[in-house]
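**Q** Quick one: this structure, given as structure tokens, is what I'll be asking you about.
The values are calculated or read from the model by the stated rules, or taken from the named source; none is laboratory data. Being a predicted model, the structure only gives us computed values, none of them experimental. Here the Cβ is made from the backbone with ideal geometry for all residues, glycine too, and neighbour counts use every protein chain on show. Protein only, heavy atoms only, side chains kept; ligands, DNA and RNA dropped before computing areas. Shrake-Rupley method; radii C 1.70, N 1.55, O 1.52, S 1.80 Å.
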Amino acid sequence: MGTLLEIKNIETFYGLIYALRGVSLTVEDNTITAVLGNNGAGKSTILKTVMGLLDDQPDKGTIEFLGRRIDGKDPEVIVRMGLSYVPEGREVFDELTVKENLLMGAYIRRDRGGIKSDFDRIYGYFPILKQRENQWAGTLSGGEQQMLAIGRALMNRPKLLFLDEPSLGLSPLLVKEIFRIIVEISRQGVSILLVEQNARMALSISHVGLILENGRFVMKGKSNELMQDKDVQEFYMGVRSEESAKGFQRWKRKKRWR
Amino acid sequence: MFLQLLLSGLSFGSLYALIALAMVIIYKTSEVPNFGQGEMAMLSTFVAFTLLVTYGHSFAISFIGALLFAALLGAFLEFVFLRRAKDPNILSLILITLGFEMVLYGVASWKWGADQRDLPFPVSDFDLVNLGPAVISYLNLATLLVTLALMLLLFLFFRYTKVGIAMKATQQNPMAARVNGIRVNRILSVTWAMSSTIGAVAGIMLAPVATLDPNLMLEPLLKGFASAVLGGMTTLVGSALGGYILGIIENLFGGYVSLEFKSIVAFGIIVLVLCFKPSGLFAKHYIKKV
Ligand SMILES: Nc1ncnc2c1ncn2[C@@H]1O[C@H](COP(=O)(O)OP(=O)(O)OP(=O)(O)O)[C@@H](O)[C@H]1O
Ligand SMILES: [Mg+2]
């Protein structure tokens, strides 16, 4: 088992906003790693920084993918190394058909035969996409767009897949379905870095979980252990523990992490 | 009479359509109306003229040479001027295109002067083809056919080639394009090269009916721009239709109402469109899902 991605102490700024304050993270082969955190914690920023989407960022720290430095590289270069990204909010090409969207996912490939079999594989995961093949992506439902965005990212045959909140805006049933497929994808040998608000689902399918707050990781552990953790249950999974008066306990629990 | 006006309107309209297409292709990718488009075409037409008259090459070679020049010029201008602007707003982009409009105009005036020249064209403007109730000159017919062929090529390009689809993808979502490995900068170069080439075809087809001097494209550019606005600025088919509609209306107006004010029709139409349907006649009202 080897390390695919190694992020060391990165710091990212949006202008004067200090969004990542020293983040380190490794993703191992054949694992699902989940990053959890509230709105604005900086989850998406980690993915964008690694993908090279933020000009001149990370400001500090290093990122290695497959043993090679990728910080400061352009996304066009990084995807070619085998890193795919499903952005938050899907970002499909609205006025391209489903088929064309998938074709763009395979933009960097030349092997026609392989591309064709990957079309079949993705239509196997998401049969609805096959039915909508010649429809504009912008006219798909949110859930279908999410499937398309995942399918498009897979067309690049990545070694590592970034998923930014795949459950966003989907019905519980569809969330289940998507997560089932994420597990299946990872079984095919694709490692996954999953950013989620839905902690329960994310922890239930991942091997390792990390919790981000204000641009720093405050907790890290095996996912099944994190699921048992009282703090995680209370703050991220909405499980109520014995309430004390005036929210005193809440304050105390938070304190423990710092 | 009506048919006759319609027919020659179509022929002029097809030139407007080409210019409109050239502008829209850039507008969709770089999000700027390229006011240098006319001068790029004018300069390329002069290159054709020089190859043809000064160096005595065949028309085919001169034509192809001019198109190559146009493609390089387009890619060069994008690379040297537009790409340098960091986080530009629309106003500064427009200023940049106006800037190289003036530079190119200056270059042409310096190199070829203000003399009016004739671009010898292998197809006659005077010999007529009889089409039943109306006649059309060989040149107008050629213009119509070349334009249609070019549009068909464009359609096939955007529909079936990987680069064409990638170009549309880049226009719709540059970020997503990049993370799929599409080299957006390269797409921009190709876009400008293509657009410039289309403009050059318009310039060369126009030169024999107009006179070749640095002002060649001033009015046609405005008409082409008007057509693009008429068509909605964002759809290729719409802007081409806009060109044809403008050509026809203008010609009918010239035939039935007043020849002197023919040129003003375009601007009347722009004003009307902007008042009643600012998004253009053919813009798709497409609502983005959140
Ligand atoms: N383009 C930007 N310009 C300025 N600040 C930004 C920008 N993008 C994000 N930020 C800020 O950086 C911080 C982290 O944002 P980020 O999008 O990474 O959060 P997140 O954890 O993904 O949140 P969510 O779960 O809501 O998607 C936030 O405070 C946000 O306001
Ligand atoms: Mg986010």
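**Q** Please give the number of the condition A:M104 fails out of (1) within 16 Å of ligand 1 (Cβ to nearest atom); (2) within 14 Å of another protein chain (Cβ to nearest Cβ); (3) among the aliphatic types (A, V, I, L, M).
**A** So the condition that A:M104 fails would be (1).
**Q** Follow-up. Scan segment A:12-21 residue by residue and report those that are within 15 Å of A:V218 (Cα to Cα) and away from ligand 2 (no atom under 14 Å from the Cβ).
**A** Of everything in segment A:12-21, just one residue is within 15 Å of A:V218 (Cα to Cα) and away from ligand 2 (no atom under 14 Å from the Cβ), namely A:R21.
**Q** Examine segment B:59-66 for a residue that is more than 16 Å from B:M194 (Cα to Cα) and open to solvent by less than 20 Å² (accessible area, probe 1.4 Å), and state whether such a residue exists. Steps first, answer last, please.
**A** First, pick out the residues of segment B:59-66 that are more than 16 Å from B:M194 (Cα to Cα): B:59-62.
Next, from what is left, pick out any that are open to solvent by less than 20 Å² (accessible area, probe 1.4 Å): B:62.
Yes, segment B:59-66 contains a residue that is more than 16 Å from B:M194 (Cα to Cα) and open to solvent by less than 20 Å² (accessible area, probe 1.4 Å).
**Q** Identify, please: which residue in segment A:16-52 is buried (at least 20 other Cβ atoms within 10 Å of the Cβ) and among the charged types (D, E, K, R) and is, among those, farthest from the other protein chains (Cβ to nearest Cβ)?
**A** For segment A:16-52, the residue satisfying everything is A:K43.
**Q** Further, regarding this structure: Under 9 Å between Cβ atoms, at least 6 apart or on separate chains: pull out the pairs that start in segment B:164-186 with a residue that is at the interface with another protein chain (Cβ under 7 Å from one of its Cβ atoms) and open to solvent by less than 50 Å² (accessible area, probe 1.4 Å) and end on any residue that is acidic (D, E) and outside any helix (DSSP H, G or I).
**A** Going by the 9 Å Cβ cut-off, the qualifying pairs are B:K168/A:E95; B:N173/A:E91; B:N173/A:D94; B:A176/A:E91; B:V179/A:E91.
**Q** Give the residue that is surrounded by the fewest Cβ atoms within 10 Å (Cβ to Cβ), with candidates limited to residues of segment A:53-77 that are over 19 Å from A:E11 (Cβ atoms) and either among the β-branched types (V, I, T) or within 14 Å of another protein chain (Cβ to nearest Cβ) (or both).
**A** So in segment A:53-77, the residues over 19 Å from A:E11 (Cβ atoms) come out as A:66-68, A:74-77.
Next, from what is left, pick out any that are either among the β-branched types (V, I, T) or within 14 Å of another protein chain (Cβ to nearest Cβ) (or both): A:74-77.
Values: A:D74: 17, A:P75: 24, A:E76: 20, A:V77: 14.
Taking the candidates together, the pick is A:V77.
**Q** Of the residues that make up segment A:153-160, is at least one of a type in the set (A, V, I, L, M), in contact (Cβ under 8 Å) with a residue 12 or more places away in the chain and closer than 19 Å to B:R159 by Cα?
**A** no
**Q** Could you tell me which numbered condition B:G56 fails, if it satisfies all but one of (1) open to solvent by 40 Å² or more (accessible area, probe 1.4 Å); (2) closer than 23 Å to B:W192 by Cα?
**A** Result: B:G56 fails condition (2) only.
**Q** Given the condition open to solvent by less than 10 Å² (accessible area, probe 1.4 Å), assigned to a helix (DSSP H, G or I) and either facing chain B (nearest Cβ under 8 Å) or not aromatic (F, W, Y) (or both), answer yes or no: does some residue in segment A:117-126 qualify?
**A** Keep residues of segment A:117-126 that are open to solvent by less than 10 Å² (accessible area, probe 1.4 Å), which gives A:118, A:122, A:126.
Subsequent filtering for residues that are assigned to a helix (DSSP H, G or I) retains A:118, A:122.
Pick out the ones that are also either facing chain B (nearest Cβ under 8 Å) or not aromatic (F, W, Y) (or both) and you get A:118, A:122.
Yes: one or more hits.
**Q** May I pose another question? Taking into account only those residues within segment B:187-205 that are among the aliphatic types (A, V, I, L, M) and surrounded by 24 or more Cβ atoms within 10 Å (Cβ to Cβ), which is nearest to the other protein chains (Cβ to nearest Cβ)?
**A** Applying the first criterion (among the aliphatic types (A, V, I, L, M)) to segment B:187-205 yields B:187-188, B:190, B:193-194, B:198, B:200-202, B:204-205.
Now narrow it down to the ones that are surrounded by 24 or more Cβ atoms within 10 Å (Cβ to Cβ): B:194, B:198, B:200-202, B:204-205.
Values: B:M194: 19, B:I198: 21, B:A200: 28, B:V201: 26, B:A202: 26, B:I204: 32, B:M205: 31 Å.
So, considering only residues that are among the aliphatic types (A, V, I, L, M) and surrounded by 24 or more Cβ atoms within 10 Å (Cβ to Cβ), the one nearest to the other protein chains (Cβ to nearest Cβ) is B:M194.
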